[in-house]
Every structure is written in C-alpha cells, then in structure tokens.
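Undergrad: Dumping the structure here so I can ask a few things about it.
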Amino acid sequence: MNGIHSTPKPYLLIQARLGSTRLKGKVLESLSPEQDPDLTILEHLHKRLLFLFPNEQIIFLIPTTDSELANYLKSKSINYFCGSEINVRDRYIQCAQYYGIKDIFRLTGDNPFVDLQSIQFLWEALFYLKSRYYSLAMTGLPLGMGIECFSYESLIYNLEFNEQSRHTEHVSLHIKEHPEIHNIYRIKAPHLLPEERSFSQKIRLTIDEPKDLELARILWKYFKDKNQFFGAKEIYELYKLDPKLFEINKSIEQVSFPLPEPKPSDTNCEIIYGDPIEFGTGHMERSLSLSIFFQMNEIETELVNSKLYKNEKASTENTPPNKDNIKPMRIFDVRECFGEEEDVFFIDNLIHPPNKENSSFFLPHPTEDYSSKKSISFFTSPILQGFVSSPETKEEKCRLLIYLGNLNDKQTKLVDDFVLNTLQFNFNFDLITRVGGTTAKDSRIQYLPRVQKLHFYHMIQQSNFVLTYFGLTLFESIYLSKKTFVVGISETHERLGEFVSELFEIPYLGKLAHLTLENPYTKEFLKNRLESFHSKHKSKRPNKYLTLDAHHKILNWIQNKK
C-alpha cells in the first residue's frame, strides 16, 4: 500500500467575491465583451474545471453577504457555499466540515486560466503522501495558473493560535510557515521544459487590476478558437513568439510573505522517454506520472525526449567531463533503443528483461511466465485506482470506446468500417466514441483527436466496451473490467494481442488488415469470449490481478545507488 490508505477524492474549493477593492466585481467581468458578453471569468473557470472534475466536486466559496454573486451562481447551476466575508480560512473550514472533505484544492475566482495538467499531477501526488499534514503546489507556472492542495487536518491545525489577520485572509499561510509540522511538497512541473519554467516569473495571469483583465481578454481572443483549455505549455509558446504582449501588466505588484526555503534534494534523475512522434504518446504519459512519484520521494527529476537526448549525446561525445557536473541517474523508457547504455535503468526493453535489478516491465509481456504469479504488475497514473469502485453509468445505453492512437486515414477507415458493419450490427451500440486516428467519415462515430487523461478515464468508466490495441489503454480498460476487444495494428502488436488475449481471455480480433466486411467474427463468438471473461471476474477485477506497482522496483534501484 502506497502512502495514504484510501483513494483520495479531492474537491476544488474556489474562493470568490464581488467586493474586490482594486477591481470591484471582477469575477463577473466578461472575458469577451464583444463576441460573448455573457461569458464571465467565473463561468469560464467553472467550465474549465468541469473538463477534469465532476460538478459535485467543484464548489465556490463566497461571503454570506454577497447575495448578487449567490444569485448568479444559482442561475448557472454552479455549486456554492456561503461563509465569513473576512475570515476566508473559516469559510474553507466550514465548507470542508459540511461536505466531509479531506483533501482540498484551493483556487481563487480571479484566476480563469489554471493549468489543467498541473491539477492532474497534484491529484496523482496525493496517492504518495506519507502524512496527513501536508501542502502541495506545482512550481514553474505563471502566476495565476497554479493551484495549491492541502489536507483538512493541516487547514485546522492549531486553529486557536493562527487567528492573526494574515492567517484568516491567506488560507494556507499558517501551513507554509511551519514545515517542521506539515510536509511541504513543491513539485516541478514535469510537462514543461526547464527553459519554459524559467519564464514563470515574467508572466502574470491573475486578475487584480484593469491591466490584468486587458491581458486576459487578449489571451482568450487568441486561444478560444484554437484551444479553449490551453495551459502553461501553450502560454510559454506564445511568450516565445511575442514576449512584449505580457508586459501589459508587468508593473503590478503581488502580495507575498517571507517563507522558509524548501529542502533541496540530494538525488537527481533523468527519465528519457520515447519521442511521441516516433513511439506514440504512451511513453511520455507514463514518464510524466513516474516523475510525480519520484518527486514525492524527494528525487529531483527531469524528463528528456529521446530525440533530444540523442542529439545532445552526439554533440557532447568528445567533450571532457566536468567534475562540477554530477551525472544524474538515468531511466530509459524507449523500447530497445539505447540498450547499450551502462549503469542505467530500463523500462520495457527486451534486450534487458526484468530479471535484473536495473530493468522492469511496465506492461505485461509474453517473454515473462505469468502462470504461477498471483498478481501482474503494470504502471499508469495512480488516479486510475479511483475509478475501480466508481459506478457505471445508470443510463440504459450501450457504449463503445475506441482508442487508436496515431493510426493513418486508411487504417482508421478499416477500424471504423469493421465497427459499423460488424460490431454495431452485433451489439447495437447507442454511442460510439473514437479517440485518436483521423476524422470520422461517418456521423455515427463521435471523433475526438485527443483528451485529457482524467477525462479519458471517465470515458472508459462510462463505456461498456473498449476496442484498442496492445498498450496502456488496453490494460487500463482491463483493470476497470471493461468488455475489451484487442486488435493487432502491426506485426509486433499482433503477437502481443494474441498474448494478452490468452492471458486475460479477451477477444482478439486479429490483424488490422483483416478487419474487413467479410470478417469471420460473429456475435456468438464475441459474446462467448466476453461471457467467459466476465464469468471469471465477478469481483470486477481480472482473476490474475493487475497491480499498479511496477514502478517500485525503480525506486529501490535509485535508493541502492545513493
């Protein structure tokens, strides 16, 4: 068992009011006065958060005296809780007690562009807590894009001794002032490059004054038709193109307090992940989650694209070693590439099978013998654990989710035709959604090029069937006990598809090229395979239990090398 002993269910608590002295009523200002005057800062923030969290876990905390704001929230069917106008900390305490909230993500209503990926990573970090007294935050983000997380226990700690005005107005200040009591985690944003994180002090995206609002409206106009859920990555890319744009509000000062410096890490690690264009996004996604796990174990971590690593290695081959530059520990998640590297850890590398201390499989593989194992280890975002016990949709609809990754137009059409002419004929789906591949040519298939991880987990949970190839999505779907079909998209994936079909007794549909209108798979065949699968997994988990612990071996390797 990792850290805390229950699956965390954080709530997003957003403090908001209309009585701001510098820009009164700012949270109800429109982000787009000309094109969409009704889109307020507050409503946009709510829509943004709904992309990741269910509505029940998003609550705005407002003063009891703010009836206008309460009426507005009520008219928009947005959850709110009323509390003290002056004592904001008490507002949080009363809300947490009322709803029984244990883990709090604190936001403010004047930050409309919070970074959604950072919220996901902080949620992952909750799974690795070693104490209920904690404070979590992400570093390297522009002011106004980050959030913080803390426990109810830390929120109320020494309440009678922390009632000074700075503690009632600034909700978590008493936590940060006492690192000897509370575990203070400052996680480096893993999805950002070091160069991008260095820009964080130059960009201000919170809204306190008219100049802040002016910049927010410019940014929304720029992004609203490109990517409404843009994050820090996109902001930094824009900054590199037009740094002068962000000078609009640079003269505005932000209130700050002197705080103890965080303890530096004495262990550095690099994770070299497969370039997404060459290897697909799976290597990068799980490396991002692995980075959170390491940082929560006080290991300084940097992610490096394998293409960039290869170029940097070639340019420094003849450079004399610098005694001041300590070589970091390195972990390679790039299949069989870089197999000649020494004194490193390999993930899913067949040249280095997991029979030694410096190698591990993050996905089950046919080179291993699973016949006598009581559990099978794999690794993905720990948030997946929270979806195991989540109820399936109560709607009487039959839903199919398809995940195809980077398939081209011809390959995508093969799958779509098979789904519509064979699976749809046999199972009569009410809703078919495909993530990845190319744009659907048939309106019966809902197409999404890419989705956020949390949203994707919700999609798996709400689906009855999942069609995919051998990869992370397949094992995430099996972990959630979905009726799963697997297809071979390449010669390697064909062998892997046959392997996983035997291991978990799920239907393998054969190679992609065979998914034609004359496909031999009948409803009876498919139903028999699915019934066989579920009859052996009545506990809603596979009989060969999948466990999310394949990454622990790496931590042991790092700790033994220190």
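Undergrad: Let me confirm something: among PHE470, PHE429, PHE465, which residue is in contact with a Cys (Cβ under 6 Å, 6 or more places away or on another chain), farther than 28 Å from PHE230 by Cα and not basic (Lys, Arg)?
TA: Testing whether each residue is in contact with a Cys (Cβ under 6 Å, 6 or more places away or on another chain), farther than 28 Å from PHE230 by Cα and not basic (Lys, Arg) leaves just PHE429.
Undergrad: Restricting the first residue to the range 50-74 and requiring it to be on the phi < 0 side of the Ramachandran plot and buried (at least 19 other Cβ atoms within 10 Å of the Cβ), which pairs with a second residue that is among the acidic types (Asp, Glu) and part of a helix (DSSP H, G or I) meet a Cβ separation below 9 Å and a spacing of at least six or different chains?
TA: Pairs found: TYR72/GLU43.
Undergrad: Then there is this: On the given criteria, is VAL255 under 27 Å from the mean Cα position of the chain (by Cα) and either in a helix (DSSP H, G or I) or farther than 21 Å from TRP123 by Cα (or both)?
TA: Judged against the criteria, VAL255 is not a match.
Undergrad: Among the numbered conditions (1) more than 24 Å from LEU303 (Cα to Cα); (2) among the basic types (Lys, Arg); (3) in contact with a strand residue (DSSP E or B) (Cβ under 9 Å, 6 or more places away or on another chain), tell me where ARG166 comes up short.
TA: Going through the list (1) more than 24 Å from LEU303 (Cα to Cα); (2) among the basic types (Lys, Arg); (3) in contact with a strand residue (DSSP E or B) (Cβ under 9 Å, 6 or more places away or on another chain), ARG166 breaks only (3).
Undergrad: Something else: So, in the range 206-245, how many residues would count as being closer than 23 Å to GLN452 by Cα, outside any helix (DSSP H, G or I) and either open to solvent by 10 Å² or more (accessible area, probe 1.4 Å) or aromatic (Phe, Trp, Tyr) (or both)?
TA: 7
Undergrad: Here's a follow-up. List the residue pairs whose Cβ atoms are under 6 Å apart, where the first residue sits in the range 337-352 and is under 15 Å from LYS313 (Cβ atoms), the second is at pLDDT 90 or above and not in a loop (DSSP other than H, G, I, E, B), and the two are 6 or more positions apart or on different chains.
TA: Taking only residues 6 or more apart or on different chains, the pairs are PHE338/PHE332; VAL344/ARG330; VAL344/PHE332.
Undergrad: Evaluate the following for HIS174: is it more than 15 Å from ASP110 (Cβ to Cβ), open to solvent by less than 70 Å² (accessible area, probe 1.4 Å) and touching a residue at least 12 places away in the same chain (Cβ under 8 Å)?
TA: yes
Undergrad: Checking the condition of a type in the set (Val, Ile, Thr) and under 21 Å from GLU209 (Cβ atoms), which residue from ILE14, ILE93 passes?
TA: Unique residue meeting the criteria: ILE14.
Undergrad: Looking at PHE429, PHE425, which is the one that is among the hydrophobic types (A, V, I, L, M, F, W, C), open to solvent by 40 Å² or more (accessible area, probe 1.4 Å) and farther than 30 Å from PHE361 by Cβ?
TA: PHE425
Undergrad: Of everything in the range 349-380 that's among the β-branched types (Val, Ile, Thr) and crowded, with 16+ Cβ neighbours inside 10 Å, which residue is modelled with the highest pLDDT?
TA: Filtering first and then ranking leaves THR380.
Undergrad: I've got another one for you. Out of all the residues in the range 459-505, which are of a type in the set (Val, Ile, Thr) and either more than 21 Å from GLN411 (Cβ to Cβ) or open to solvent by 10 Å² or more (accessible area, probe 1.4 Å) (or both)?
TA: Residues satisfying the conditions are ILE460, THR473, ILE478, ILE489, THR492.
The values are calculated or read from the model by the stated rules, or taken from the named source; none is laboratory data. Note that the structure is predicted; figures quoted are calculated from it, not measured. Glycine also receives a Cβ, built like all others from the backbone with ideal geometry; neighbour counts cover every protein chain displayed. What goes into the accessible areas is simple: the full protein's heavy atoms, side chains included, and nothing from ligands, DNA or RNA. Shrake-Rupley method; radii C 1.70, N 1.55, O 1.52, S 1.80 Å.
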